[in-house]
1. How far apart, in nm, are two points set 7 Å out from the Cα along the Cα-to-Cβ line at residue 54 and at residue 32?
2. Work from the charge dipole of the range 1-72 (Cβ charges, +1 for Lys and Arg, -1 for Asp and Glu, about the Cα centre) and give the residue of 24, 45, 6 farthest towards its positive end.
3. Exposed loop GluC sites (Glu not before Pro) only (DSSP loop, at most 13 other Cβ atoms within 10 Å): please give the longest stretch of the chain free of them, not including the sites.
4. Sequence gap at least 6, Cα distance under 8 Å: using those rules, report the relative contact order of the chain to the nearest whole percent.
5. Between the DSSP loop rule and a limit of at most 15 other Cβ atoms within 10 Å, which trypsin sites (Lys or Arg not before Pro) in the chain are left?
6. Taking the Cα centre of the chain as origin and charging only Cβ (+1 Lys, Arg; -1 Asp, Glu), how large is the dipole, in debye to the nearest 20?
7. Say a paramagnetic label sat at a point 7 Å from the Cα of residue 22, along Cα to Cβ; which residues of the range 60-75 have their backbone N under 15 Å from it?
8. Which three lengths, in whole Å and largest first, does the chain cover when its Cα atoms are put on their principal axes?
Amino acid sequence: MSRAEFLKSIDEILELPPETLQGSEELDEYPLWDSTAIISFMALADSNNGTRLSPKDLGACRTVDDLLRLAKVEA
């Protein structure tokens with residue numbers, strides 16, 4: 001999955017219009033970045049390339065770019 005496709009999927013998880021996220025956004029700006037969104041993101045990362053994410057690693061993410069790095073999404 002490309003970076004653009006992955007961002008679009010995160011847009012959907014956060015119920016944002018397509019192409020809203022660019023990467024530098026702070027996760028705490030989004031009220032829908034909650035436990036349900038985190039589980040959805042973990043499933044997305046796993047289905048994309050088999051990346052298994054730990055809650056500790058996810059808790060350290062502050063930006064969308066942090067999520068992309070953690071999920072090993074290519075730029």
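None of the figures in this text is laboratory data; all of them are computed from the coordinates on show. These numbers come from a predicted model, not from an experiment. Every residue, glycine as well, gets a Cβ built from its backbone with ideal geometry; the counts of neighbours run over all protein chains shown.
1. The answer from the label model is 3.0 nm.
2. 45
3. Numbers: sites that count: 15, 19, 74.
So the longest stretch without any such site is 20-73.
4. Numbers: 72 pairs, mean separation 27.8, N = 75.
For the chain, the relative contact order is 37 percent.
5. On the way: sites: 3, 8, 52, 56, 62, 69, 72; in loops: 52, 62, 72.
Loop-located and lightly packed - 52, 62, 72.
6. Here the chain has a charge dipole of around 400 debye.
7. Only 64-65 pass the distance filter.
8. So the extents along the principal axes, rounded to whole Å, are 27, 24, 19.
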